[in-house]
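Enquirer: Below are the structure tokens for one structure; questions will follow.
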Amino acid sequence: MSKDQIEEIKSKLDIVSVVREYVPSLKKNGRNHFGLCPFHNERTPSFSVNEELGIFKCFGCGEGGDVISFIEKVEGLDFIKALEIAAKKAGVELRIERSGFSEKRNKERERLIEANHLAAEYYHYLLGKHEYGKEARKYAKSRGLRVKELKQFMIGFAPSGYENLKNFLKKKGYTEAELLSWGLLAEKSGHTYDKFRNRLMFPITNHIGEFVGFSGRILDKNSKAPKYLNSPETLVYKKSQIVFGLYQAKEAIRKNNAAILVEGNIDILSSHMVEVQNIVAPLGTALTQEQLKLIKRYSDNIIFAFDTDSAGEKALLRSHELAESLEMHAKVVDLNGYQDVDELIQKGGDWKKILSKAEPVVDHMMNRLKRRIDMTSAEGKDEYVDSIIALIATTESSVRQAHYLERLSVAVGVDVSELKTILNKYIQKSKKVDINETSIVETKEKVIKRSNSRADLLVAALLSHRERIRLFDLSLWSEILSEEQTKILEMAREKTVKELFVDLNQAEQERLKDIMLLPVDVIEDEGLFMQSIKLIADSVFKDFLRAEIRRIKFANLNEQEKGEILNKLVIRLQSLQ
């Protein structure tokens with residue numbers, strides 16, 4: 001694809017309309033549109049979209065780019081796939097030029113996804129309408145599964161024969177070698193046959209709805225075959241990176257600002273039957289960081305609803321630690337004695353009410369362990385403290401750590417200071433604090449960065465009223481504006497923002513993008529505008545002087561020279577204050 005074609009797609013897309021599909025809170029404020037960031041959890045909007053340049057940026061998490069990179073990031077796609085979606089939205093026919101290797105790989109990927117899709121339709125037809133699916137339909141009904149959810153997730157049935165799917169897909173033009181390498185067929189003694197037989201079939205889709213594999217549940221209770229059989233890893237299916245049900249759940253996750261994580265596929269279907277749709281599951285493996293990162297794109301909040309056995313408890317503890325490492329807010333629900341979510345719903349439990357009582361993982365484990373451990377004995381208290389301290393140690397927030405130490409102190413009758421010592425031993429194993437001159441440099445850089453940000457705000461305010469830039473003598477502002485900022489303002493006297501953007505180098509363009517996305521009010525009254533500019537300029541100049549004072553303190557000068565310069569700077573700062 002050419003650069004011109006990419007620019008054509010971008011020019012035909014309204015970035016505000018595209019972003020609003022994912023950020024309903026987006027509202028115009030001055031020159032820009034602001035809303036709650038889709039890439040991290042926030043209460044105050046810091047996500048900005050500039051229609052004029054077709055760009056976005058979040059001032060909270062730092063994510064930014066154009067309309068194509070927005071699609072790429074919000075949907076978790078590679079650039080080519082995001083470009084294909086953008087082209088479709090823009091009504092542009094995309095022409096992609098690939099190398100021989102990438103073209104071959106892309107064709108295989110497309111054929112693999114198409115074969116999986118055809119297999120899913122085939123299995124679904126057998127379950128819904130064919131005589132072969134009669135017993136499977138009875139099984140689905142016995143599990144309380146409705147036709148609506150079976151259709152929504154395209155659940156199917158793989159019959160007992162050895163060559164049903166094989167013959168169907170061969171007629172569609174696929175070779176046995178392809179189907180074998182993609183995990184739809186298996187091989188023994190040189191003969192290929194259907195991998196999935198006599199199983200209820202759960203098609204596995206990625207988060208954009210492409211069919212990447214299958215999970216099949218055995219129907220014969222007496223069979224010695226594994227209860228669940230999953231597709232092998234392929235070009236499109238990496239089980240550690242796929243979350244079952246996410247494609248169907250992602251909009252509900254955004255809407256509810258939380259994802260519910262369960263262990264079983266049928267748990268998800270049952271939950272959808274009672275209108276709880278923000279629910280997903282890993283695929284027969286322990287939860288991975290990649291899977292949590294995928295969920296985090298839609299919400300920072302996660303609710304664990306694992307099985308109530310010891311394996312479920314271990315899974316909860318591992319998952320909590322992973323969630324904390326990604327700065328996600330994890331809670332857990334008590335299933336009130338039910339084995340899993342499916343059993344709870346099928347036996348009439350109130351799933352929505354249980355979810356409303358979700359509590360933080362540490363609180364849940366503190367209550368749960370109390371019921372299991374003898375808290376009257378020294379050994380029991382020791383075991384309890386070890387278990388809870390290990391959990392607190394994975395908690396990133398120091399406020400929550402202090403809260404749980406207080407609760408633990410009351411529970412076991414041990415002083416908080418002693419518990420804090422135990423906690424620090426856990427933490428010191430993984431974290432070492434090294435205070436040296438690097439931290440001083442970082443602090444200085446933060447001051448300068450804040451100063452530059454406020455100077456950017458000054459430039460943004462002036463750019464929002466280009467006709468008034470001529471009123472200012474920019475040479476008088478040389479101390480507080482960088483060369484980039486001054487150049488942008490000088491060029492803006494004669495050119496529109498779009499025109500001057502083309503004439504800037506790449507670094508200057510990036511700086512202008514950041515400036516244009518800042519929240520600046522459009523003030524029509526000239527007197528009020530001048531007051532606003534004066535307030536911003538005073539703030540910028542104070543920051544500049546503070547940065548200078550800090551720079552001189554650490555400069556390689558003798559004490560007398562430092563004293564003289566610092567005295568002049570302090571006087572200037574005091575006069576402004």
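The values are calculated or read from the model by the stated rules, or taken from the named source; none is laboratory data. The model shown is predicted, which means the values in this text are computed figures rather than measured ones. Note that each Cβ is placed from the backbone with ideal geometry, even for glycine, and that neighbours are counted across all protein chains shown. Surface areas here come from the heavy atoms of the whole protein model, side chains and all, with no ligands, DNA or RNA. Shrake-Rupley method; radii C 1.70, N 1.55, O 1.52, S 1.80 Å.
Enquirer: How much solvent-accessible surface does His465 expose, in Å² to the nearest 10, with a 1.4 Å probe and all protein chains in place?
Expert: My reading of the accessible area for His465 is about 10 Å².
Enquirer: Using the Kirkwood formula on the Cα atoms of the stretch 167-225, what hydrodynamic radius do you get, in angstrom to one decimal?
Expert: 13.0 Å
Enquirer: Same structure again: I'd like the Kirkwood hydrodynamic radius of the stretch 362-435, using the inverse of the mean 1/r over distinct C-alpha pairs, in Å.
Expert: Values: mean 1/r = 0.0790 Å⁻¹.
By the Kirkwood definition, the hydrodynamic radius is 12.7 Å.
Enquirer: Using only the Cα atoms of the stretch 1-55, construct the convex hull and provide its projected area averaged over every direction, in square nanometres to one decimal.
Expert: On the way: hull surface 17.6 nm².
Convex hull of Cα atoms, orientation-averaged projection: 4.4 nm².
Enquirer: For the stretch 101-221, compute Rh as the Kirkwood radius over C-alpha pairs and then the Stokes-Einstein diffusion coefficient at 20 °C and 1.002 mPa s; write the answer in µm²/s, rounded to an integer.
Expert: Value of D from the Cα-based Kirkwood radius: 144 µm²/s.
Enquirer: Taking the Cα atoms of the stretch 158-198, what is the range of coordinates along each of the three principal axes, in descending order and whole Å?
Expert: Principal-axis extents of the stretch 158-198 (Cα, largest first): 24, 23, 14 Å.
Enquirer: Residues with beta-carbon under 10 Å from that of Gly128, excluding Gly128: net charge, scoring Lys, Arg +1 and Asp, Glu -1?
Expert: Residues close to Gly128 contribute a combined charge of +3.
Enquirer: While we're looking at this one, here's another question. Taking every alpha carbon pair in the stretch 314-404, what does the distance histogram look like in 5 angstrom bins from 0, in percent?
Expert: Result returned by the calculation: 2, 12, 21, 20, 19, 14, 8, 3, 0.
Enquirer: How high is the FRET efficiency from Gln531 to Ser482, r the C-beta distance, R0 22 Å, rounded to 0.05?
Expert: Calculated transfer efficiency: 0.35.
Enquirer: So, R0 is 35 Å and r is the distance between the beta-carbons of Asp473 and Glu21; what FRET efficiency does that work out to, to 0.05? Intermediate values should be presented prior to the final figure.
Expert: Numbers: r = 45 Å, r/R0 = 1.30.
Once rounded, the FRET efficiency stands at 0.15.
Enquirer: What is the extension gain from Arg105 to Asn505, computed as 0.36 nm multiplied by their sequence separation minus the C-alpha to C-alpha distance, in nm to one decimal?
Expert: 140.4 nm
Enquirer: Related question: Check cross-link reach from Lys151 to the lysines: straight Cα distance under 22 Å, and skip same-chain residues fewer than eight apart.
Expert: Lys129, Lys134, Lys138, Lys141, Lys250
Enquirer: Give the residue from Leu200, Pro519, Phe47 lying farthest towards the positive end of the charge dipole for the chain; charges sit on Cβ (+1 for Lys and Arg, -1 for Asp and Glu) and the dipole is referred to the Cα centre.
Expert: Most positive-ward Cα: Leu200.
Enquirer: Separate question: Bins of 5 Å, beginning at zero and ending with the bin holding the largest distance: percent of Cα pairs per bin for the stretch 290-355, please.
Expert: 4, 16, 26, 19, 19, 13, 3, 0
Enquirer: Then there's this: For the stretch 240-281, what ratio Rg/Rh do Cα atoms give with a Kirkwood hydrodynamic radius?
Expert: 0.93
Enquirer: Also, I was wondering about something else. Mind ranking Cys61, Cys37 by accessible surface for me, highest first, 1.4 Å probe?
Expert: From most accessible down to least: Cys61, Cys37.
Enquirer: Please compute, for the alpha-carbon atoms of the stretch 32-133, the extent along each of the three principal axes and give them in descending order in Å.
Expert: 58, 38, 24
Enquirer: Continuing with the same structure: Accessible area of Lys138, 1.4 Å probe, to the nearest 10 Å²?
Expert: Probe radius 1.4 Å; accessible area of Lys138 about 120 Å².
Enquirer: Still on this model: Could you give the radius of gyration (one decimal) and Dmax (whole number) of the Cα atoms in the stretch 255-369, in Å?
Expert: Spelled out, the Cα radius of gyration and Dmax of the stretch 255-369 are 12.9, 36 Å.
Enquirer: A further question on this structure: Under a 5 Å amide H to amide H cut-off, with H placed in plane at 1.01 Å, what residues pair with Arg31 once short-range neighbours are removed?
Expert: Result for Arg31 returns Val520, Val522.
Enquirer: Let me ask something else. Once you have the Kirkwood Rh of the stretch 31-88 from its Cα pairs, apply Stokes-Einstein at 4 °C and 1.567 mPa s and quote D in µm²/s.
Expert: In µm²/s, the coefficient is 110.
Enquirer: Between Lys495 and Tyr228, what is the label-point separation in nm under the 7 Å Cα-to-beta-carbon projection?
Expert: Distance between the two pseudo-spin positions: 5.8 nm.
Enquirer: Any idea of the accessible area per residue across the stretch 83-198, 1.4 Å probe, to the nearest Å²?
Expert: On the way: 6820 Å² over 116 residues.
Averaged over the residues of the stretch 83-198, the accessible area is 59 Å².
Enquirer: Which value, in debye to the nearest 20, gives the size of the charge dipole of the stretch 137-248 about its Cα centre, when Lys and Arg are +1 and Asp and Glu are -1 at the Cβ?
Expert: So the dipole magnitude of the stretch 137-248 works out to roughly 680 debye.
Enquirer: With each label point set 7 Å from Cα along the Cα-Cβ vector, what nm distance links Ile80 and Tyr139?
Expert: Those two pseudo-labels are separated by 3.8 nm.
Enquirer: What accessible surface, in Å², does a 1.4 Å probe find on Arg546, ignoring ligands, DNA and RNA and rounding to the nearest 10?
Expert: 90 Å²
Enquirer: Here's a follow-up. Given R₀ = 45 Å, what would the calculated FRET efficiency be for Lys171 paired with Asn257, taking r from the Cβ atoms and rounding to 0.05?
Expert: 0.45
Enquirer: How large is Rg/Rh for the chain, to two decimals, with Cα atoms and a Kirkwood Rh?
Expert: On the Cα set of the chain, Rg over Rh gives 1.05.
Enquirer: Quick one: with all protein chains in place, what share of the accessible area of the chain is carbon or sulfur, to the nearest percent (1.4 Å probe)?
Expert: 49 percent
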